[in-house]
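*Asks:* Below is the structure I would like to discuss, written out as structure tokens.
The values are calculated or read from the model by the stated rules, or taken from the named source; none is laboratory data. Keep in mind that what you see is a predicted model, and the values were worked out from it rather than measured. When we count neighbours, we look across all protein chains shown, and the Cβ atoms used for this are built from the backbone with ideal geometry, even at glycine. Ligands, DNA and RNA are excluded from the accessible area calculation, which covers all protein heavy atoms including side chains. Shrake-Rupley method; radii C 1.70, N 1.55, O 1.52, S 1.80 Å.
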Amino acid sequence: MSVAAAGTLHAMSVALAPDDLVETHAEAAQNEREPLLVLEPLREFLTANGLAAPDDLKAEPIGDGHSNVTFILSTGVVLRRPPRGPLPPSAHDVLREARLLRALEPTPVRSPRVLAVGDDTDVIGAPFYVMEEVSGDVITDAMPAPLDNPEQRRLIARQLIEALVEVHDVDWEAVGLEGFGKPTGYLERQLRRFGGLWEHNRTREIPEVEQVGTWLQENMPESPPATIVHGDYRLGNTMFAHDTPARLKAIFDWEMATIGDPLADLGYMVMMWAQPSDPPSKFNLHTVTRLEGFPTRDELVAAYEQLSGRSMQALNWYVTLALWKAIVFMEGNYKRAISGSTDDPYLKSFGDGVIEIAQRAVAVSQHGL
């Protein structure tokens with residue numbers, strides 16, 4: 001996760017390589033890899049946009065670096081750019097992300113404010129944007145001390161649902177997002193895309209995966225009216241204020257956002273939500289929601305239904321879709337691991353993870369949450 005944040009995210013910083021930050025393009029030309037930041041032209045850009053740019057400007061990466069690359073600058077702003085290339089077409093489009101965030105500024109959606117957009121790749125070698133820093137706590141596998149009690153955990157979940165409903169309530173055409181995504185055919189495109197990815201990523205025959213794919217095709221629901229879809233909405237992509245009562249301050253990581261079916265967001269969030277009755281799994285790292293006070297998945301769904309007014313009749317389909325997509329991604333990482341293109345030992349364990357999640361997907365499609 002790469003986010004605009006302070007507080008706990010500084011503990012998630014990744015180490016800088018010697019060629020990540022350079023002072024000038026001439027210095028960058030001496031290195032084998034392109035840099036992530038070129039400080040001299042960046043200072044000029046910041047100055048031209050009315051932002052502080054001292055001679056001793058420093059940058060620190062935050063987040064895990066698997067998504068778009070995010071730096072917090074010593075002046076108290078955050079810069080977001082794509083990872084090093086080569087990149088797949090349309091992937092890591094930070095200018096598209098900045099467009100969305102700017103469109104959301106006059107709405108109630110809790111998103112960081114964009115301060116400047118750099119579409120000239122001559123500045124740092126890639127497009128980028130600069131946004132405000134947001135201070136708070138990102139909750140994944142541990143609770144911040146002030147929020148670590150049942151009452152505050154209930155509030156966290158309520159805030160998470162309220163914030164998602166705010167996203168889905170935005171009149172996306174009125175805020176200038178025409179053409180940001182196709183408002184019809186979202187689910188068909190999801191099945192087509194991930195079906196093709198499975199054929200590319202698969203390393204073995206897994207009957208459960210084929211069974212789930214067929215079930216999704218045969219039971220596809222009719223989508224409600226299209227909304228903004230975040231695409232990666234979960235507790236770990238939000239930030240809460242340090243103090244009580246629990247207040248969701250910002251939603252991050254909008255790079256997968258589009259216009260589509262809002263229930264895809266809810267299905268994904270529910271898929272990621274652990275509860276005490278779940279069997280142990282080493283593939284769900286966000287286990288904090290097992291603690292007393294956090295609602296069950298059914299209670300989360302009921303809260304969204306009450307606030308949004310949308311029918312939850314087909315939600316099991318959306319959760320199964322989210323699991324199926326996770327299977328496809330995990331199989332791709334497993335394929336990289338066994339082919340020797342990565343040395344990450346954790347990815348080799350994804351072979352078992354694919355089987356586990358496929359079995360869960362079958363269970364949800366047949367028996368529900």
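*Asks:* Tilt of helix 150-169 relative to the longest C-alpha principal axis of the chain, in degrees (0 to 90, nearest 10)?
*Replies:* Between the helix axis and the principal axis of the chain, the angle is about 80 degrees.
*Asks:* Show log10 I(q)/I(0) for region 229-369 at q = 0.17, 0.21 Å⁻¹, two decimals, from a solvent-free Debye sum over equal Cα scatterers.
*Replies:* After summing over all Cα pairs, the log10 values are -1.09, -1.47.
*Asks:* Tell me the net charge near Asp20. Cut-off is 13 Å between Cβ atoms, Asp20 excluded, with +1 for each Lys or Arg and -1 for each Asp or Glu.
*Replies:* Taking every other residue near Asp20 into account, the sum is -2.
*Asks:* In percent, what relative contact order does region 237-328 have, based on Cα pairs under 8 Å that are 6 or more apart in sequence?
*Replies:* Relative contact order comes out at 27 percent.
*Asks:* Sort Val114, Val175 from largest to smallest accessible area, using a 1.4 Å probe on the heavy atoms of the protein chains.
*Replies:* The ranking, largest first, comes out as Val175, Val114.
*Asks:* Right, here's the next one. Select one label from (i) 30, 59, 11, 0; (ii) 31, 56, 13, 0; (iii) 27, 59, 14, 0: the one whose number is P(r) over Cα pairs in 20 Å bins from 0, in percent as derived from the coordinates shown.
*Replies:* (iii)
*Asks:* Can I ask one more? Report, to the nearest 10°, how far helix 315-339 tilts away from the longest principal axis of the Cα atoms in the chain, using its own Cα long axis and a range of 0 to 90°.
*Replies:* Once rounded, one gets 60 degrees.
*Asks:* Using a basic spin-label model with each label point 7 Å from the Cα along Cα→Cβ, how many nm lie between His25 and Ala302?
*Replies:* 6.1
*Asks:* Show me, for region 265-270, the HN-Hα J-couplings you get by feeding each phi into the Karplus relation (A = 6.51, B = -1.76, C = 1.60, θ = phi - 60°), rounded to Hz, glycine and proline as x.
*Replies:* 5, 5, x, 5, 4, 5
*Asks:* In square nanometres and to one decimal, what's the mean projected area of the convex hull around the Cα atoms of region 286-369?
*Replies:* About 6.9 nm², averaged over all directions.
*Asks:* OK, next. Please report the equivalent ellipsoid semi-axes of region 98-167, computed as sqrt(5 x eigenvalue) of the Cα gyration tensor, largest first, in whole Å.
*Replies:* Gyration-tensor ellipsoid for region 98-167: 32, 16, 9 Å.
*Asks:* Shifting gears a bit: At a probe radius of 1.4 Å, what is the per-residue accessible area of Asp171, in Å² to the nearest 10?
*Replies:* Ignoring ligands and nucleic acids, Asp171 comes out at about 90 Å².
*Asks:* So, one more: Let me cross-check Asp120: its accessible surface, 1.4 Å probe, with only protein heavy atoms counted, in Å² to the nearest 10?
*Replies:* 70
*Asks:* Against the longest alpha carbon principal axis of the chain, how many degrees, from 0 to 90 and to the nearest 10, is the axis of helix 39-48 turned?
*Replies:* Between the helix axis and the principal axis of the chain, the angle is about 90 degrees.
*Asks:* With no solvent and one equal point scatterer per Cα, compute the Debye intensity ratio I(q)/I(0) for region 67-139 at 0.11, 0.15, 0.24, 0.25 Å⁻¹ and report its log10, rounded to two decimals.
*Replies:* Log-scaled intensity ratios, in q order: -0.29, -0.53, -1.20, -1.26.
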